[in-house]
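**Student:** Mind looking over this structure? Questions follow.
The values are calculated or read from the model by the stated rules, or taken from the named source; none is laboratory data. Everything numeric in this text was worked out from a predicted model, so none of it was measured. Note: ideal-geometry Cβ built from the backbone for every residue, glycine included; neighbour counts use all protein chains shown.
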Amino acid sequence: MHALADTAPAHGGRRAGVVAWLLLAPLALWLLLFVVVPMAGLVVYSFCQRDDLGRVVYDFSWENYARVFDPIYLKILGRSIGYAALTTVICIVIGYPVAWYIARQRSPLRERLLLLVMIPFWTSFLIRTYAWIAILKSEGLLNGLLQFSGVVTAPLSLLYTPTAVVIGLVYAYLPFMILPIYGSAEKLDNALVEAAHDLGAGPIRAFSHVIIPLTWPGIAAGIMLVFVPAIGMFAITDLMGGAQVPLIGNVIQNQFFRARNAPFGAALGVVFTLLFILTYALAHRRRRATTA
């Protein structure tokens with residue numbers, strides 16, 4: 001009897017392990033087919049060359065990576081990081097109070113507010129971008145309202161400017177900042193904030209030393225979901241920036257589809273992926289330092 005009792009958990013553990021692997025198999029297959037294999041192909045292509053006819057020559061070389069560090073592309077990469085960082089900061093400034101307010105509401109109102117955050121996803125991204133073009137153009141809604149109210153006498157040049165690009169990026173990625181922060185804020189125990197106040201902490205100190213550390217996982221997730229995609233975005237810069245403010249995503253797209261230089265475009269893509277990994281590592285390190 002004792003022997004049967006001792007072996008039962010082992011068999012149950014093996015069965016549970018098999019079931020767990022079967023449940024993970026679709027995810028593992030998806031990652032293999034759509035992440036690992038394409039990334040491996042991108043790395044291989046990045047070391048290839050292009051001949052005079054535009055064909056890919058499988059000749060191992062670091063030339064593409066050396067070209068990435070050309071001052072022209074470094075300038076574009078720096079501009080991309082700057083726009084993405086500005087977009088991320090604005091999304092945090094706007095998104096954190098919104099997420100905090102939603103998380104503090106009662107269930108019926110909280111669900112309605114979350115629905116409002118999700119409504120933009122019901123419409124095509126391109127339609128929403130074209131809607132902003134209609135708002136920002138010289139004869140658009142915004143200029144019409146400003147002129148009608150007497151704020152300006154002549155239309156403002158808002159479209160096809162860096163300002164329009166930032167507006168488009170913030171609008172596109174703001175929900176990706178609100179939702180992760182909401183997830184952390186909704187789980188925050190109010191008793192911890194009240195305890196900080198009882199111990200003499202003012203609103204600013206309680207916010208910086210209690211609320212921010214406890215909601216940092218959501219902030220870090222929001223930064224990842226906003227900063228990295230914003231660097232590679234090319235549709236908004238083309239449509240709302242008039243292709244006058246090229247970012248690294250525009251360069252990668254042009255290398256693949258216009259210049260027909262897939263190896264160099266692949267090298268830019270690999271560098272972009274490394275930048276994503278670096279951002280994740282920094283955010284994870286910050287998270288560990290905050291929770292330590």
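**Student:** Looking for whichever is closer than 21 Å to residue 118 by Cα and in the same structural domain as residue 83 (by TED's automatic domain parsing) here; the options are 212, 223, 231. Which one fits?
**Tutor:** 223
**Student:** Kindly provide the set of residues from the range 52-71 that are exposed (fewer than 10 other Cβ atoms within 10 Å of the Cβ) and in the same structural domain as residue 244 (by TED's automatic domain parsing), ordered by number.
**Tutor:** 71
**Student:** What pairs can you find where one residue is in the range 56-68 and under 13 Å from residue 266 (Cα atoms), the other is among the basic types (Lys, Arg) and assigned to a helix (DSSP H, G or I), and their Cβ atoms are less than 8 Å apart, with a gap of 6+ or different chains?
**Tutor:** Going by the 8 Å Cβ cut-off, there are no qualifying pairs.
**Student:** When you scan the range 159-175, how many residues do you find that are at negative phi and outside any helix (DSSP H, G or I)?
**Tutor:** 2
**Student:** Check off (1) over 23 Å from residue 235 (Cα atoms); (2) assigned to a helix (DSSP H, G or I) for residue 121 and give me the number that stays unchecked.
**Tutor:** Checking residue 121 against (1) over 23 Å from residue 235 (Cα atoms); (2) assigned to a helix (DSSP H, G or I), the one that fails is (1).
**Student:** Among the numbered conditions (1) at pLDDT 85 or above; (2) not in a helix (DSSP H, G or I); (3) not charged (D, E, K, R), tell me where residue 242 comes up short.
**Tutor:** Unmet for residue 242, out of (1) at pLDDT 85 or above; (2) not in a helix (DSSP H, G or I); (3) not charged (D, E, K, R): (1).
**Student:** For the condition closer than 13 Å to residue 99 by Cα, out of contact with any Cys (no Cβ under 8 Å at 6 or more places or on another chain) and not in a loop (DSSP other than H, G, I, E, B), what is the one hit in 183, 222?
**Tutor:** Exactly one of 183, 222 is closer than 13 Å to residue 99 by Cα, out of contact with any Cys (no Cβ under 8 Å at 6 or more places or on another chain) and not in a loop (DSSP other than H, G, I, E, B), namely 183.
**Student:** Moving on. Of the residues that make up the range 40-53, is at least one among the β-branched types (Val, Ile, Thr) and at pLDDT 85 or above?
**Tutor:** So in the range 40-53, the residues among the β-branched types (Val, Ile, Thr) come out as 43-44.
Subset that is at pLDDT 85 or above: 43-44.
Yes, the conditions are met somewhere in the range 40-53.
**Student:** Let me ask another. Kindly evaluate residue 198 against the criterion of being within 28 Å of residue 274 (Cα to Cα) and either acidic (Asp, Glu) or touching a strand residue (DSSP E or B) at 6+ places or on another chain (Cβ under 6 Å) (or both).
**Tutor:** Answer is no for this residue.
**Student:** Which helices (runs of 4 or more DSSP H) does the range 21-106 wholly contain that include 2 or more residues that are of a type in the set (Ser, Thr, Tyr)?
**Tutor:** 37-46, 71-103
**Student:** Residues that are assigned to a helix (DSSP H, G or I), touching a residue at least 24 places away in the same chain (Cβ under 8 Å) and either in contact with a Gly (Cβ under 6 Å, 6 or more places away or on another chain) or not hydrophobic (A, V, I, L, M, F, W, C) (or both): does the range 196-208 have at least one?
**Tutor:** In the first step, residues of the range 196-208 are kept if they are assigned to a helix (DSSP H, G or I); the result is 196-198, 203-208.
Those left that are additionally touching a residue at least 24 places away in the same chain (Cβ under 8 Å): none.
The answer is no; no qualifying residue exists.
**Student:** Related question: Would you pick out the residues in the range 153-183 that are hydroxyl-bearing (Ser, Thr, Tyr) and either buried (at least 20 other Cβ atoms within 10 Å of the Cβ) or closer than 14 Å to residue 132 by Cβ (or both)?
**Tutor:** Hits for the range 153-183 are 160, 161, 163, 171, 173, 182.
**Student:** Looking at (1) of a type outside the set (Lys, Arg); (2) surrounded by fewer than 19 Cβ atoms within 10 Å (Cβ to Cβ); (3) not in a helix (DSSP H, G or I), which is the one condition that is false for residue 277?
**Tutor:** Unmet for residue 277, out of (1) of a type outside the set (Lys, Arg); (2) surrounded by fewer than 19 Cβ atoms within 10 Å (Cβ to Cβ); (3) not in a helix (DSSP H, G or I): (3).
**Student:** Quick check on the range 69-82: of everything there that is among the aliphatic types (A, V, I, L, M) and touching a residue at least 60 places away in the same chain (Cβ under 8 Å), which residue is farthest from residue 265 (Cα to Cα)?
**Tutor:** Among those that are among the aliphatic types (A, V, I, L, M) and touching a residue at least 60 places away in the same chain (Cβ under 8 Å), it is 81.
**Student:** Can we say residue 277 is under 22 Å from the mean Cα position of the chain (by Cα) and touching a residue at least 60 places away in the same chain (Cβ under 8 Å)?
**Tutor:** no
**Student:** Right, something else. Of all residues in the range 126-171, which are in contact (Cβ under 8 Å) with a residue 12 or more places away in the chain and within 21 Å of residue 76 (Cα to Cα)? Full working, then the answer.
**Tutor:** Just the residues of the range 126-171 that are in contact (Cβ under 8 Å) with a residue 12 or more places away in the chain, to begin with: 126, 128-130, 132-133, 136-140, 142-143, 155-162, 164-171.
Of everything in the range 126-171, those that are in contact (Cβ under 8 Å) with a residue 12 or more places away in the chain and within 21 Å of residue 76 (Cα to Cα) turn out to be 159, 160, 161, 162, 164, 165, 166, 167, 168, 169, 170.
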